[in-house]
Amino acid sequence: MKILFLDQFSDLGGAQQCLLDLLPAIQEQGWEAIVAVPGEGRLFAEAERLGAKTQRLRSGPYRSGSKSVADICRFGLELPRLAHSISAIPADVLYVNGPRLLPAASRAAGQRIPLIFHAHSYLGKAYAARLARHALQRSRAVVIGSCHFVLQPLQACLENLETHVVPVAARAPGVQSQRSRGPKTRIGLIGRISPEKGQAEMLRAARLLADAEIEWVICGAPLMGADDYHAAVRRLAEGLRVEWMGWRDDVHEVLATLDLLVVPSAPGEATTRVIPEAFAAGVPVIATSSGGIPEIVQHGENGYLAGSATPEDLARAVREFLAKPEKEIARIIACGRATWERNHRLEAFRGAIVTVLSRIAERAGFRRANAPR
């Protein structure tokens, strides 16, 4: 069985990391993976390293986040050509890993080729949700959500479609946190530098906490057209004690240096994968109570919710954390680790997606390449 994975970005954001996490399981089943994306990002090399074939698509360029009128017009004009390009790649299943390519993939698949849509992000714009619903209905797609929150804009069409919620996953850490609780507390934010991740809010909170002994860490890079925001964040950091780590692949190595992870995400955020990564690594988490985050962070049980994403709420939550006894922090860390073990192990993620694909293969009459004859 040939599975064509389609993504709207070739930079390595969270959705693209999930795709890469899945590819070894595709290989184990004896299926063939083809990854087709626009751009020039690292996804090509990483997918090939994991045994997938790759194709470049002509699409965009587009930015992550809000779209201009010109973007919307260009999107409509390129749709027929993009659908033709997708249909020209031989495949038995289309696996769409982001909403922007979904209309073109739906047109290419029709009802001849099974289509899976993996929803990693919340479609906050009414036109985007409407386009996605139409595409899903047209192709009778199977829908996978990373959490219940991201499926909300699609609810109007999901009653008649096969739907699954598969939580984001994290690898087992090679190293555990070395939290010192020394004179200076290291507090970090890990993720691509973009408005929805909240680096600006963290730095504004840092100014409100200038009297505390804190070292701030920002780990990430501007991806998907966020250079202007990156420059603004750099200006906000002037005069603060901030370590800029850039992009790092060894997330657990970074987490091991932190006493606390903050996740000041904007309201449209899903269940960002850095939270289960922190759970696995033994790092306590303060996150905003927005989007899909409350589905995995229970306040006072396995982490802390700061309320809104305002600097004032974030600073208040950090002060409360700094005042907590070590016994309380140890309990939170243990509960976070148990949450990862129960809900976010990589093996469970792969198994759930492979089960969906196996059912599609059975319905279509495909045989596993490595199955006994």
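What the Cβ-Cβ distance of ASP250 and ASN160 gives, at R0 = 35 Å and to the nearest 0.05, is a FRET efficiency of 0.20. When the chain is treated as a Gaussian network with alpha carbon springs shorter than 10 Å, the biggest mean-square fluctuation among ALA280, ALA361, ALA47 belongs to ALA361. Starting from the Kirkwood Rh over alpha-carbon pairs, what translational D in µm² s⁻¹ does the chain have by Stokes-Einstein at 25 °C and 0.890 mPa s? Approximately 114 µm²/s, per Stokes-Einstein. Largest accessible area first, the residues THR163, THR288 order themselves as THR163, THR288 under a 1.4 Å probe with ligands, DNA and RNA left out. In order along segment 328-340, phi translates into HN-Hα couplings of 5, 5, 4, 5, 4, 4, 4, 5, x, 4, 5, 4, 4 Hz, rounded to whole numbers, per the Karplus curve 6.51 cos²θ - 1.76 cosθ + 1.60 with θ = phi - 60° and x for Gly and Pro.
Modelled spin-label separation between ASP92 and GLU40, with each label point placed 7 Å from Cα along the Cα-to-Cβ direction: 3.6 nm.
Using the Karplus relation 6.51 cos²θ - 1.76 cosθ + 1.60 with θ = phi - 60°, the per-residue 3J(HN,Hα) values for segment 94-111 come to 9, 10, 9, 9, x, x, 5, 8, 4, x, 5, 5, 5, 5, 5, 7, x, 10 Hz, with x marking Gly and Pro.
Its residue count N fixes a reference of 2.2 N^0.38 Å for segment 96-192, and the Cα radius of gyration divided by that reference is 1.48. Only Cα sites of segment 185-259 enter the Debye sum here, all with the same form factor; the resulting log10 I(q)/I(0) across q = 0.14, 0.21 1/Å is -0.41, -0.91, listed in q order.
Largest first, the residues GLU253, GLU238, GLU201 sort by 1.4 Å accessible area into GLU238, GLU253, GLU201.
Its residue count N fixes a reference of 2.2 N^0.38 Å for segment 297-373, and the Cα radius of gyration divided by that reference is 1.85. The orientation-averaged projected area of the convex hull spanned by the Cα atoms of segment 236-373 comes to 11.8 nm².
Projecting the Cα positions of SER289, LEU208, LEU346 onto the charge dipole of the chain (unit charges on Cβ atoms of Lys, Arg, Asp and Glu, taken about the Cα centre) puts LEU346 furthest along the positive direction.
Carbon and sulfur atoms: what percent of the 1.4 Å accessible area of segment 249-322 do they account for?
52 percent
Derived scalar couplings between HN and Hα for segment 254-269 equal 5, 4, 5, 8, 9, 8, 7, 9, 10, 10, x, 6, 6, x, x, 5 Hz in order, rounded to whole Hz, by the Karplus curve 6.51 cos²θ - 1.76 cosθ + 1.60 (θ = phi - 60°), x for Gly and Pro. The accessible-area ordering, largest first, of the residues ASP227, ASP11 stands as ASP227, ASP11, per a 1.4 angstrom probe.
Taking amide H as placed 1.01 Å from N in the peptide plane, VAL217 has its amide H under 5 Å from the amide H of ILE187, GLY188, LEU189, GLU243, each at least 5 places away in sequence or on another chain. In the chain, a dipole from Cβ-located charges (positive for Lys and Arg, negative for Asp and Glu) runs towards its positive end, and of TRP244, ALA280, LEU322 it is ALA280 whose Cα lies farthest in that direction. Computed from the C-beta positions of ARG56 and LEU77, the FRET efficiency with R₀ = 25 Å rounds to 0.85. Once the Cβ-Cβ distance of ALA172 and ILE329 is raised to the sixth power relative to R0 = 22 Å, the FRET efficiency obtained is 0.50.
Taking amide hydrogens as placed 1.01 Å from N in the peptide plane, the amide H of LEU57 sits under 5 Å from those of VAL37, GLY39, each at least 5 positions away in sequence or on another chain. Across segment 117-268, how large is the tail of the calculated P(r) beyond 22 Å, expressed as a percent of all Cα pairs? Looking at segment 117-268, the distances longer than 22 Å represent 54 percent of pairs. Give me log10 I(q)/I(0) at q = 0.14, 0.17, 0.20, 0.27 Å⁻¹ for segment 232-282, Debye formula, one equal scatterer per alpha-carbon, no solvent. Scattering profile of segment 232-282, log10 relative to I(0): -0.48, -0.70, -0.92, -1.18.
Please work out the average accessible area per residue across the chain, using the 1.4 Å probe convention, and give it in Å².
With all protein chains present, the chain gives 43 Å² per residue.
Other residues whose C-beta falls under 11 angstrom from the C-beta of PRO99 contribute a net charge of +2, scoring Lys and Arg +1 and Asp and Glu -1. Test of understanding: extend the Cα→C-beta vector of ALA212 to 7 Å, then name every residue of segment 263-277 with backbone N under 13 Å from that spot. Counting only backbone N, you get 263. Extension gain, GLU301 to ARG316, is 3.6 nm, computed as 0.36 nm per intervening residue step minus the present C-alpha separation.
The values are calculated or read from the model by the stated rules, or taken from the named source; none is laboratory data. Given the structure is predicted, the values throughout are model-derived calculations rather than measurements. Positions of Cβ are backbone-derived with ideal geometry, glycine not excepted, and every protein chain shown enters the neighbour counts. Heavy atoms of the whole protein, side chains included, go into the accessibility calculation; ligands, DNA and RNA do not. Shrake-Rupley method; radii C 1.70, N 1.55, O 1.52, S 1.80 Å.
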